[in-house]
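Inspection log for the structure reproduced underneath, given as structure tokens.
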Amino acid sequence: MAPTEPEPLRPLWLLAELTYSCPLQCPYCSNPLRLGDRASELATDDWLRVLAEARSLGAAQLGLSGGEPLLRKDLELIVAEARRLGYYSNLLTSGMGMEEARIAALKEAGLDHIQVSFQADDPELNDRLAGTASFRKKTEIAHLVKAYGYPMVLNVVMHRHNLDRMREILDMALELEADYIELANTQYYGWALANRDFLLPTRDQLTRAEAIAHDYQVRHGERMKIYFVVPDYFEGRPKPCMNGWGRVFIGIAPDGTALPCHAAADLPGLQLPNVRDHSVEWIWHESPDFNRFRGQSWMQEPCASCDERDGCFGGCRCQAHLLAGDACATDPACSKSPRHEVVLQAVQRAAELNVVPQPIMRNKRNAL
């Protein structure tokens, strides 16, 4: 009997980064170091075409992100088309720019899910980390999300300055009647890498915070799902970035650049395709850069012969470039990497810092 052919990879998850504009100035922002202007953003018709093309390939989950996606006046039109096509749509928002009339319009358009980000439970700390007064608005929007029948999903990016408030953050989530809270420890690339000395916690901080999160999982797990994501630097193994390069994820930047992972635009030597020039089908199947790190032929040692390579896919290509200077290298977050020492040194430096530097904030980005 002839062996069956492997099922072709499909883009199950489409992330539409609608704009890089944002009213916040978070020091761990995942947007590129060099941001485009709003004049280069895709028009509504382009986004509707992208949704249809990706859906025909099998994409089922749609993330609407930014920046702040609420700044797009056509957001409801995009949501309505996503519903017509059969996507499960998720709005990832700071809440800034949301009013009750708009949340009602998004509900009518067919939006399935809203995730609201907080920086901390304490209003002063939240607003300092966000770079703008936002805590009161976020709280208001969280209540509206619940009132309009959405799953109450909170996201808090964790780091040196809020990990010691883990208990208070979880109490805030319980008070807001959250159904889910993602405690996503900062991953260090892009702006987070630029601000690593400001953000990287000590191992003791992380251990204490994780223990509190696990305690709340035991005591409140039936009421609220708690997801605690440990940063690569402390695990000894890298995460399977996007479940493998070009395997299930495709992101579209505001200017139409197609991305195999969030940070791929920062990798040198890539000529990333643009949906203005190519169909999503061509990009997914034929683009040299979407195929570059698929499979295992690109792997160097120790990845090439590692018995864990089928699970981590070699880790993060962007992190490998940033820390090892080679996108094909073993991710230095892995303890098997010959460059793992750079991660250990960063963790040691965090433990020894007496004075934490001020972060590079959004209002300074134009200088870079």
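Quick one: with all protein chains in place, what share of the accessible area of the chain is carbon or sulfur, to the nearest percent (1.4 Å probe)?
Values: 8230 of 16480 Å².
For the chain, the apolar C and S fraction of the accessible surface comes to 50 percent.
List the relative contact order of the chain as a percent without decimals, with contacts defined as Cα pairs under 8 Å and 6+ residues apart.
Numbers: 656 pairs, mean separation 69.3, N = 368.
With pairs under 8 Å counted, the relative contact order is 19 percent.
For Leu24, no residue 5 or more places off, or on another chain, has a built amide H under 5 Å of its own.
Summing charges over all other residues whose Cβ lies under 14 Å from the Cβ of Ser279, with Lys and Arg as +1 and Asp and Glu as -1, gives -2.
Probe of 1.4 angstrom, ligands and nucleic acids ignored: what's the accessible area per residue over the chain, in square angstrom?
Numbers: 16480 Å² over 368 residues.
Ligands and nucleic acids excluded, the result is 45 Å² per residue.
Sorted by average packing, counted as other Cβ atoms within 10 angstrom per residue and highest first, what order do 237-246, 301-310 take? Mind showing how you got there, number by number?
Details: 237-246: 20.6, 301-310: 13.2.
Highest to lowest by the protection proxy: 237-246, 301-310.
Computed packing ranks the peptides 201-209, 352-360 as 201-209, 352-360, most packed first, by mean other Cβ atoms within 10 Å. Think of it as helices only: each DSSP H run of n ≥ 4 in the chain is worth -39500 (n - 2.57), and spread over all residues that comes to -10000 deg cm²/dmol at 222 nm.
Spin-label pair Asp179-Asp215: with each label point 7 Å from Cα along the Cα-Cβ axis, the two points sit 2.8 nm from one another.
Cut-off 14 Å, label point 7 angstrom out along Cα-to-Cβ of Arg136: give me the residues of the stretch 17-33 whose amide nitrogen falls inside. So the set is empty, nothing qualifies. Compute the Kirkwood hydrodynamic radius of the stretch 46-126, taking the inverse of the mean of 1/r over all pairs of distinct Cα atoms, and give it in Å to one decimal. Evaluated on the stretch 46-126, it is 13.4 Å.
Amide H to amide H distances under 5 Å link Gly256 with Leu42, where only residues 5 or more positions off or on other chains count and H is placed in the peptide plane. Karplus-based coupling profile of the stretch 281-286, in residue order and whole Hz: 4, 4, 4, 5, 8, 10, with θ = phi - 60° in 6.51 cos²θ - 1.76 cosθ + 1.60 and x standing for Gly or Pro.
By the Kirkwood approach, averaging reciprocal distances over each pair of separate Cα atoms, the chain gets a hydrodynamic radius of 21.5 Å. In this structure, the residue pairs whose Cα-Cα separation is over 29 Å, taken from Lys73/Lys225; Lys107/Lys138; Lys73/Lys146; Lys73/Lys137; Lys107/Lys225; Lys137/Lys225, are Lys73/Lys225.
The values are calculated or read from the model by the stated rules, or taken from the named source; none is laboratory data. Worth saying up front: this structure is predicted, and the values here are computed from it rather than measured. Glycine gets a Cβ as well: all are built from the backbone with ideal geometry, and neighbour counts include every protein chain shown. Accessible surface is based on the protein model in full, side chains and every heavy atom, while ligands, DNA and RNA are left aside. Shrake-Rupley method; radii C 1.70, N 1.55, O 1.52, S 1.80 Å.
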